[in-house]
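A quick write-up on the structure given underneath.
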Number of protein chains: 2
Amino acid sequence: MNQAARARLRTVLDPRSVAVIGASENPNKIGGRPLLYLQRFGFKGKVYPINPKRTEAQGYKAYPNLAALPETPEVAVIVVPGELAVEGVAECARSGVQVAIVMASGFGETSDPLARAWQQRIVELAHAGGMRVIGPNSQGLANFASGAVLSFSTMFLEAEPEDGPVAIVSQSGGMSVVPYGLLRSRGIGVRHIHATGNDCDVTAAELASVVAEEPDLKLLLLYLESVRDAAPLAQMARVAHRRGLPVIALKAGRTAAGQEAARSHTGALANEDRVVDAFFEQHGIWRARDMGELVHATELYLRGWQPRGRRLVAVSNSGAVCVMTADAASACGMPMAQLSSETRSALAGILPSFATTTNPIDVTAALLTNSRLFSDILPVLSRDPAADAFLIGIPVAGQGYDVDAFARDSAAVTDQTGKPLVVSAPQPSIAAKFRDAGLPVFATESEAVAALNQLLLHLDLMRAAVHPGSGTRMPSEQVGGTPRMMNEADSLALLNKSGVPVVEHRLCRTSDEAAQALAAFGGPVVAKGCSADLVHKSELGVVRLNLRTEQDMHGAFADIERRLREHGSQLDGVLVQRMATGRRELMIGARLDPVFGPVVVVGDGGKYVEAMPDVELLLPPFDAAAVRRALSRLRIAPLLGGVRGEPAMDIDAFTVAVVAVGRLMADDQSKVINLDINPVVVGSAGEGCRAVDAVVYTIA
Amino acid sequence: MNQAARARLRTVLDPRSVAVIGASENPNKIGGRPLLYLQRFGFKGKVYPINPKRTEAQGYKAYPNLAALPETPEVAVIVVPGELAVEGVAECARSGVQVAIVMASGFGETSDPLARAWQQRIVELAHAGGMRVIGPNSQGLANFASGAVLSFSTMFLEAEPEDGPVAIVSQSGGMSVVPYGLLRSRGIGVRHIHATGNDCDVTAAELASVVAEEPDLKLLLLYLESVRDAAPLAQMARVAHRRGLPVIALKAGRTAAGQEAARSHTGALANEDRVVDAFFEQHGIWRARDMGELVHATELYLRGWQPRGRRLVAVSNSGAVCVMTADAASACGMPMAQLSSETRSALAGILPSFATTTNPIDVTAALLTNSRLFSDILPVLSRDPAADAFLIGIPVAGQGYDVDAFARDSAAVTDQTGKPLVVSAPQPSIAAKFRDAGLPVFATESEAVAALNQLLLHLDLMRAAVHPGSGTRMPSEQVGGTPRMMNEADSLALLNKSGVPVVEHRLCRTSDEAAQALAAFGGPVVAKGCSADLVHKSELGVVRLNLRTEQDMHGAFADIERRLREHGSQLDGVLVQRMATGRRELMIGARLDPVFGPVVVVGDGGKYVEAMPDVELLLPPFDAAAVRRALSRLRIAPLLGGVRGEPAMDIDAFTVAVVAVGRLMADDQSKVINLDINPVVVGSAGEGCRAVDAVVYTIA
């Protein structure tokens, strides 16, 4: 979207005037709810109910149609069903309405061809009139800052709204208000709750990209069921990135079963889940696995903490909480901070003699008799430079404990250091006191650690995020051509030209040429039938390893020739290759995802790549550092670094090759749509790597 | 424990008389709380406060010492500190008290040698008098059926107790009442809440084993920080197994950091975590990873459901909930049930035309206008034999929805079919209605699926559980001897005798013998220096592969001899082996765990076993089925079955070898304490397997 388009879409968040086409007197009907909400939540603009059968609705003067209005409304909410909705859109588009929200359902989400055609017609009418359409099947939009609550959700009657620094944008109506309800029950204010429905024109991502501009927001939550176009999501991520706004996305349809449910219910396109992961990671978006995770760490984000490290200090009056906190932290890679000797001596002067001064700190049941233990040790701990974050665990307290002081002193730690502090307190009365002190409280230490870990990882992700511009090669540019497989010699040549080292080889048209190649390479060689018709060479028996003599070669050549002939495949020659030696067979693959564009896959190679995949995905453009991060997450990562006294492998050389493949795939001019290099044989550090087998597909 | 010992320990759960040594008038002191609780919670037995300074405490007549009492109390609670507590134990033991609970802390959990000696003295005094001791450092025991609440926990003032079918036994005081508080806040009654403290005599497992006998109990929860002796835990598991009582254990110290925290706080012994996992699995105990998981599925256990399958049917008024339910179920291996064509036609007659009849079932927003949709489709779904379990998801409801009917109709499904049904409902008002109908309700579909999955897996675990009798070889029997490494020839011979196939080999004392062996095997062979001094053969260069000629062999023999001599190792001969061929190198290892006894490890073999472990643990005794289950969980499992058109490997033969190792390790007479067979070369089905390298350690 350009600036003008963004401005037009922004209108829907705070319009000067709204028409409701199909307005109802009954506030419990879809056509009545928006009127109720606009009144109740303090909307300042004009409200025009449209209903030919009424002169008034819920106290507003009603009009028979748009033409009868004293002005053209900026926004229209269309509640009437089916064909009437299509007519409503036509009327709005003609009148110069900026944005229409179609609430009626029974369009593109059904399998009815007529209903689907109506949805298509809505898009055409809107575009012809320069209008944007949200929906159909939209539960509506709600902005509690402007009072523009153009929604029929029941939830705003169930959980009292309050303006706050969180925005929710969702394709699903239900999933827009479920996180709203969960956050409101924790007392968190939510400004935006938008449900876009079928996304026939305006997508959830586009709307989110406009919402993300609001300076007061501290957290943006998305629920997505399918991504049809990655560009608006990427633009949203750039907008959020520019102002440091964290974005968490719950993208459902993670599994085949979930995608099937989405397809059969809403016709949603299935996205490949690992590509979605890679896309979100590249753009600094945290992917929540479920509704719980979408809202779990909200309080931490709202504090605006910017921690730089992962070393945790934990304090509890229970040794068991200390143990379980260390377990939980360790399991997610957060080390317990090693306290300085100054800190430890200071602690020794405060704590009872039988308490230890190692982190996690168990102040023991002595806290019951001396509530000052907390206030005395917290300042000491907060001064230790090894402490990056804090967890306070109070599993049990009651009479005799000065919980108000614990809460106040805990809050002082984060207020003075700016470092994050989370609380674990299962007792509601204790939790309430810490919450009143402005601290994030969880029922268990595991949940507190999980929230902290999410914040730390997400901030790292945001720092490392890449926001490719609009020049990136997108799959749409490639549609329409005919895919063509290159033979292996051409594949290797193309890769080599692109910067991927390949094994020494020669394409031989005759048996004599092949024998000469063997002599030239001077060692055991491999001979492979080379043909652009043939994918599974080894299964056809046209790969011969370890050929040493001229005689071997003549026999192999004749045999390969015969087999290809019998199989009916074109013989482009026999590829004679030096036998590659190295430490490990890795692989590099690449393809164009229909939605997300170029995807590069790296990992362990060999013949069991499908049966036991150990791979990571990278979305171009990426640099060597991103490749290294991906490789470090492989199961075989320890081997790459060298184990059992072995030297490290030449990861530098392999990384250069992966970056070259990324560049090739991202290049606007490239015709390559798919490639598979397996194995890439990698030697020890300094020995390089070489592509041995490769196939490249291009599009004409 | 024998029957008499069990009966004596049982006394503490419902004593006829209790003395409190160090009784206090102040109900907020440790010595005052038990008096308060005994009165408040309806204890029917006699209560004797012991305090030489008082004649009365909280309305009870007080006595100066045990001797002054009109009878010997069955149970004594000792609140006085340090040496006074030791004297109290002596007095109790002399008087014939059955069980004493020592609440005072500052004993074995400290690093003070005097305090630790006191604890040892307590054990000696008790044993001399035939008394059992719980504690020291015990928060006490609470039984809300008998009113025997011998505890000083503050929590019973914070959360009103109610008798119920759950028991909690914990080493930690805090972790006994945290799950209590979490369950009570969900309205679940809890009968037993016991905190055993330092376990100097009675262990948490022993107490749990007596608690587990109670017929009304439906769930037993354990919190353990360290296991010093596996036998009482095994006995507890047998008791629970006999009456089908599910046991869930939270064993903290899962990670190195957690174990370090436990050690520095309470001196807890570190257990190897994977062995703990294997032990719990063998005994049908579900291991909770954290406090949340310990209590998460309680409502499901209390229903007593006995589902037989994992196929889920989900119904929601939100398509998004359907998608996320399918995602969550699929991610934990619960397939969505394939509904029969009868069911689907029946659904088609009920649901709106735009709804689909595939599972998960989205009844759509039409539920708002027709609340009968639910009551109409649920009976149809519950009749489908493919449905093993149900999830009802109501993300949003309110005015216009007949939620009472939804809850009633949902409850009818499980009441009539006996199949489990869980509910996902984030809105508290909706959740309350389903809860009132007796159904387990969770805030999100992920949590509901996780609870259901836990119940299903746990019931499977209970069905497959093995409860070895007391004849099992335990590590304690082995302590004291001197470990001795066998040379490879002896190792292979012992293994072969025990039923493990080994590669064809010959131990040769001279170079000529070795050359003869080569000739006899008639192919390329391996020569290895054989010595009981030498673990890392290959690093010393005394392994020679692929020897083909007599000359090769003479050279190799001389070289091996020289290297061993230079290294100062005894040469027991040169082991000449046929080169083993096969499909994959697997491994079998075994050792005696200091707490849990024999442990067998199986998995992928080769030189990267440590760097990239892909192994499973098995605790003897185990059968072939258990080995197959373990192998099916390996990462390489697909390879074992054959991929890419390859035949399956000879898993039958490998399983026989693993069972043989299990038998060898479990044998009371066996002197083997450790063995490592890597690789075991496995061929295709029918080709067998052969141990190639092996080392066995025995104890004299």
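The values are calculated or read from the model by the stated rules, or taken from the named source; none is laboratory data. Remember, predicted model here, so these are calculated numbers, not experimental data. Neighbour counts are summed over all protein chains in view; Cβ atoms, including those assigned to glycine, are modelled from backbone coordinates with ideal geometry.
For the range A:538-590, filtering for residues that are free of Cβ contacts under 8 Å to residues at least 12 places away in the same chain and within 44 Å of the chain's Cα centre (by Cα) leaves 2.
For (1) assigned to a helix (DSSP H, G or I); (2) within 14 Å of chain A (Cβ to nearest Cβ); (3) within 20 Å of B:Gly129 (Cα to Cα), each residue gets a yes or a no:
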| residue | (1), (2), (3) |
| --- | --- |
| B:Thr11 | yes, no, yes |
| B:Leu36 | yes, yes, no |
| B:Gly42 | no, no, no |
| B:Glu71 | no, no, yes |
| B:Glu83 | yes, no, yes |
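Picking from residues in the range A:423-444 that are closer than 16 Å to A:Met324 by Cβ and touching a strand residue (DSSP E or B) at 6+ places or on another chain (Cβ under 7 Å), the one that is nearest to the other protein chains (Cβ to nearest Cβ) is A:Thr444. Here A:Arg6 passes the criteria (1) part of a loop (DSSP other than H, G, I, E, B); (2) under 20 Å from A:Arg132 (Cβ atoms) except the one numbered (1).
Every condition in (1) in contact with a Leu (Cβ under 9 Å, 6 or more places away or on another chain); (2) closer than 30 Å to A:Pro352 by Cβ is met by B:Arg254 except one, and the failing one is (1). Could you tell me whether B:Gln416 is of a type in the set (S, T, N, Q) and within 14 Å of chain A (Cβ to nearest Cβ)? So B:Gln416 fails the test.
Residues in the range B:383-400 that are crowded, with 19+ Cβ neighbours inside 10 Å and in a loop (DSSP other than H, G, I, E, B): B:Asp384, B:Ala387, B:Asp388, B:Ile394, B:Pro395, B:Val396, B:Ala397. In the range B:269-288, the count of residues that are within 24 Å of B:Ala451 (Cα to Cα), facing chain A (nearest Cβ under 10 Å) and surrounded by fewer than 20 Cβ atoms within 10 Å (Cβ to Cβ) is one or more.
Okay, residues lined up against (1) among the charged types (D, E, K, R); (2) closer than 20 Å to A:Gly284 by Cα; (3) in contact with a Pro (Cβ under 7 Å, 6 or more places away or on another chain):
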position: A:Ile188; (1), (2), (3): no, no, no
position: A:His194; (1), (2), (3): no, no, no
position: A:Ala205; (1), (2), (3): no, yes, yes
position: A:Leu222; (1), (2), (3): no, yes, no
position: A:Glu225; (1), (2), (3): yes, yes, no
position: A:Gln235; (1), (2), (3): no, yes, no
position: A:Val247; (1), (2), (3): no, yes, no
position: A:Ala252; (1), (2), (3): no, yes, no
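I'd like to check something: does the range B:496-503 contain any residue that is assigned to a loop (DSSP other than H, G, I, E, B), more than 30 Å from B:Glu272 (Cβ to Cβ) and free of Cβ contacts under 8 Å to residues at least 60 places away in the same chain? Looking for residues that are assigned to a loop (DSSP other than H, G, I, E, B), more than 30 Å from B:Glu272 (Cβ to Cβ) and free of Cβ contacts under 8 Å to residues at least 60 places away in the same chain, one finds none in the range B:496-503, hence no. Right, B:Asp693: over 32 Å from the mean Cα position of the chain (by Cα), on the phi < 0 side of the Ramachandran plot and among the charged types (D, E, K, R) or not? The answer is yes for B:Asp693. Filtered by the rule that a residue be over 28 Å from the mean Cα position of the chain (by Cα), under 21 Å from B:Glu206 (Cβ atoms) and not in a loop (DSSP other than H, G, I, E, B), the range B:144-168 gives B:Ala148, B:Val149, B:Leu150. When the range A:445-460 is limited to residues that are over 20 Å from A:Ile188 (Cα atoms) and in contact with a Pro (Cβ under 9 Å, 6 or more places away or on another chain), the one that is nearest to the other protein chains (Cβ to nearest Cβ) turns out to be A:Glu445.
Here is a yes/no grid of residues against (1) assigned to a helix (DSSP H, G or I); (2) surrounded by fewer than 19 Cβ atoms within 10 Å (Cβ to Cβ); (3) aliphatic (A, V, I, L, M); (4) more than 9 Å from chain A (Cβ to nearest Cβ):
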residue: B:Gly309; (1), (2), (3), (4): no, yes, no, yes
residue: B:Ala320; (1), (2), (3), (4): yes, no, yes, no
residue: B:Asp327; (1), (2), (3), (4): yes, no, no, no
residue: B:Ser375; (1), (2), (3), (4): yes, yes, no, yes
residue: B:Leu381; (1), (2), (3), (4): yes, no, yes, yes
residue: B:Asp404; (1), (2), (3), (4): yes, yes, no, yes
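Cβ-Cβ contacts under 8 Å between residues 6 or more apart (or on different chains), taken from a first residue in the range A:192-212 that is closer than 14 Å to A:Ala230 by Cβ to a second residue that is of a type in the set (Phe, Trp, Tyr), are listed as A:Ala204/A:Tyr223. Restricting attention to the range A:110-122, the residues that are more than 12 Å from chain B (Cβ to nearest Cβ) and either loosely packed, with under 15 Cβ neighbours inside 10 Å or over 16 Å from A:Val202 (Cβ atoms) (or both) add up to 5.
Of all the residues in the range A:591-628, those that are touching a residue at least 40 places away in the same chain (Cβ under 8 Å) and under 26 Å from A:Val227 (Cα atoms) number 18. Here is the figure for the range A:431-490: residues that are under 30 Å from A:Ala240 (Cα atoms), assigned to a loop (DSSP other than H, G, I, E, B) and at pLDDT 95 or above total 4.
Contact map, the range B:36-50: residues that are modelled with pLDDT under 95 paired with residues that are hydroxyl-bearing (Ser, Thr, Tyr), Cβ distance under 7 Å, separation 6+ or inter-chain. No pairs are found. Return yes or no: is B:Leu592 under 28 Å from A:Pro638 (Cα atoms), buried (at least 20 other Cβ atoms within 10 Å of the Cβ) and more than 14 Å from chain A (Cβ to nearest Cβ)? No: the conditions fail for B:Leu592.
Residue by residue, here is whether (1) surrounded by fewer than 20 Cβ atoms within 10 Å (Cβ to Cβ); (2) more than 14 Å from chain A (Cβ to nearest Cβ) holds:
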position: B:Ala100; (1), (2): no, yes
position: B:Gly135; (1), (2): no, no
position: B:Pro165; (1), (2): yes, yes
position: B:Ser170; (1), (2): no, no
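Does any residue of the range A:620-632 turn out to be within 30 Å of B:Ala637 (Cβ to Cβ) and hydroxyl-bearing (Ser, Thr, Tyr)? Yes. Would you say A:Ala630 is in contact with a Ser or Thr (Cβ under 9 Å, 6 or more places away or on another chain) and farther than 19 Å from A:Arg583 by Cα? Judged against the criteria, A:Ala630 is not a match.
For (1) closer than 16 Å to B:Ala320 by Cα; (2) within 14 Å of chain B (Cβ to nearest Cβ); (3) buried (at least 23 other Cβ atoms within 10 Å of the Cβ); (4) out of contact with any Ser or Thr (no Cβ under 6 Å at 6 or more places or on another chain), each residue gets a yes or a no:
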position	(1), (2), (3), (4)
A:Ser176	yes, yes, yes, no
A:Tyr180	yes, yes, yes, yes
A:Ser185	no, yes, no, yes
A:Thr196	yes, yes, yes, no
A:Glu214	no, no, no, yes
A:Ala261	yes, yes, yes, yes
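In this structure, A:Asn370 does satisfy being away from chain B (no Cβ under 14 Å) and either of a type in the set (S, T, N, Q) or closer than 29 Å to B:Asn271 by Cα (or both).
Residues in the range A:336-365 that are surrounded by 15 or more Cβ atoms within 10 Å (Cβ to Cβ), of a type outside the set (Phe, Trp, Tyr) and within 10 Å of another protein chain (Cβ to nearest Cβ): 12 in all.
Scanning the range A:142-163 for residues that are away from chain B (no Cβ under 14 Å), polar (S, T, N, Q) and crowded, with 24+ Cβ neighbours inside 10 Å turns up just one, A:Asn143.
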